[in-house]
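The structure under discussion appears below in the form of structure tokens.
The values are calculated or read from the model by the stated rules, or taken from the named source; none is laboratory data. Everything numeric here is computed off the predicted structure, so don't read it as measured data. Please note: Cβ atoms are built from the backbone with ideal geometry, for glycine as well, and neighbour counts cover all protein chains shown. These accessible areas exclude ligands, DNA and RNA; they are computed on the full protein's heavy atoms, side chains included. Shrake-Rupley method; radii C 1.70, N 1.55, O 1.52, S 1.80 Å.
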Amino acid sequence: QVQLVESVGGLVQPGGSLRLSCKASGIILSINRMGWYRQAPGKQRVLVATITSGGTSNYGDSVKGRFTISRDNAENTVDLQMNSLKPEDTAVYLCTANIGVFSGRGDYWGQGTQVTVSS
């Protein structure tokens with residue numbers, strides 16, 4: 001079965017930067033949209049950024065101008081470069097991808113990785 005594995009998050013200070021990576025593996029026919037969502041304690045899961053196979057990106061309003069999403073179609077990876085981090089960016093970050101397999105197409109999720117922004 002397909003799986004998505006995120007890199008380790010971490011603790012960073014306000015104003016700092018962190019890069020997250022996610023790789024899809026398994027028997028994959030195609031991947032359309034890939035991206036990142038996040039969920040803070042007591043909050044809903046919200047969009048961080050997505051990117052299509054053609055390179056079109058979409059960002060949540062709170063991260064525009066600070067985060068950059070990219071992908072490598074050949075390696076089935078998606079990265080999230082996070083700059084100018086704020087305490088409100090603290091959350092579990094989850095990688096997601098819409099993936100076609102032999103049985104059909106569906107959404108897949110990683111286990112999530114913790115990012116904490118604090119001094």
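Quick notes on this one:
- VAL78 being modelled with pLDDT of 95 or more and either over 10 Å from the mean Cα position of the chain (by Cα) or of a type in the set (D, E, K, R) (or both): no
- Pairs with Cβ under 7 Å, 6+ apart, first in segment 44-59 and farther than 23 Å from GLY100 by Cα, second of a type in the set (A, V, I, L, M, F, W, C): TYR59/ALA49; TYR59/PHE67
- Qualifying residue in segment 81-88 (condition: modelled with pLDDT of 95 or more, in contact with a strand residue (DSSP E or B) (Cβ under 9 Å, 6 or more places away or on another chain), part of a strand (DSSP E or B) and not β-branched (Val, Ile, Thr)): yes
- Scanning segment 89-109 for residues that are in a loop (DSSP other than H, G, I, E, B) and either open to solvent by 70 Å² or more (accessible area, probe 1.4 Å) or at pLDDT below 95 (or both) yields PHE102, SER103.
- Wholly enclosed strands (runs of 3 or more DSSP E) of segment 1-64 bearing at least 2 residues at pLDDT 95 or above and crowded, with 19+ Cβ neighbours inside 10 Å: 3-6, 18-25, 30-39, 46-51
- The residue that is nearest to VAL12 (Cα to Cα), among those in segment 60-86 that are basic (Lys, Arg) and without any contact (Cβ under 8 Å) to a residue 40 or more places away in the chain, is ARG66.
- Subset of segment 12-27 [of a type outside the set (Val, Ile, Thr) and closer than 17 Å to PHE67 by Cα]: GLN13, PRO14, GLY15, GLY16, SER17, LEU18, ARG19, LEU20, SER21, CYS22
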